[in-house]
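The values are calculated or read from the model by the stated rules, or taken from the named source; none is laboratory data. Predicted model only: the values in this text are computed from it and were never measured. With ideal geometry, Cβ positions are generated from the backbone for all residues, glycine too; neighbour counts draw on all protein chains shown. What goes into the accessible areas is simple: the full protein's heavy atoms, side chains included, and nothing from ligands, DNA or RNA. Shrake-Rupley method; radii C 1.70, N 1.55, O 1.52, S 1.80 Å.
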Amino acid sequence: LPAFFKQELQNTEAEEGGTATLRCELTKPNAPVEWRKGDTTLYPGLKYEMKQQGSTAELVIYDLELDDS
């Protein structure tokens, strides 16, 4: 069976230049997660950090800019 959101992403407010963390909970532990912004797939690097532990997945966005909204 596919994984579903147990807890969906919540809107987050943060200051420009700061850091934001987006978190969701899935129905299946360690299900593959692909983070996207519109049609663009996000990859780990200086700007983005992806973490996953069990059924919780997190995206950390560093050095926030207006384009990140």
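Brief remarks on what is shown
- Förster radius 30 Å - calculated FRET efficiency between residue 65 and residue 4 (Cβ-Cβ, nearest 0.05): 0.45
- Computed from phi, the 3J(HN,Hα) profile of region 21-31 under the Karplus parametrisation 6.51, -1.76, 1.60 (θ = phi - 60°) reads 10, 9, 9, 9, 10, 10, 7, 10, x, 6, 5 Hz, with x in place of Gly and Pro.
- Straight Cα distances below 24 angstrom link residue 6 to the lysines 28, 37, 51, with same-chain residues fewer than 8 positions distant left out.
- Contour excess over end-to-end distance, with Cα ends at residue 16 and residue 50 and 0.36 nm allotted per residue: 10.2 nm
- Within the accessible area of the chain, the carbon and sulfur atoms contribute 49%, probe 1.4 Å, all protein chains present.
- Restricting region 1-42 to GluC sites (Glu not before Pro) that sit in a DSSP loop and have at most 13 other Cβ atoms within 10 Å of their own Cβ leaves 8, 13, 15, 16, 34.
- Share of pairwise Cα separations in the chain, more than 19 Å, in percent: 34 percent
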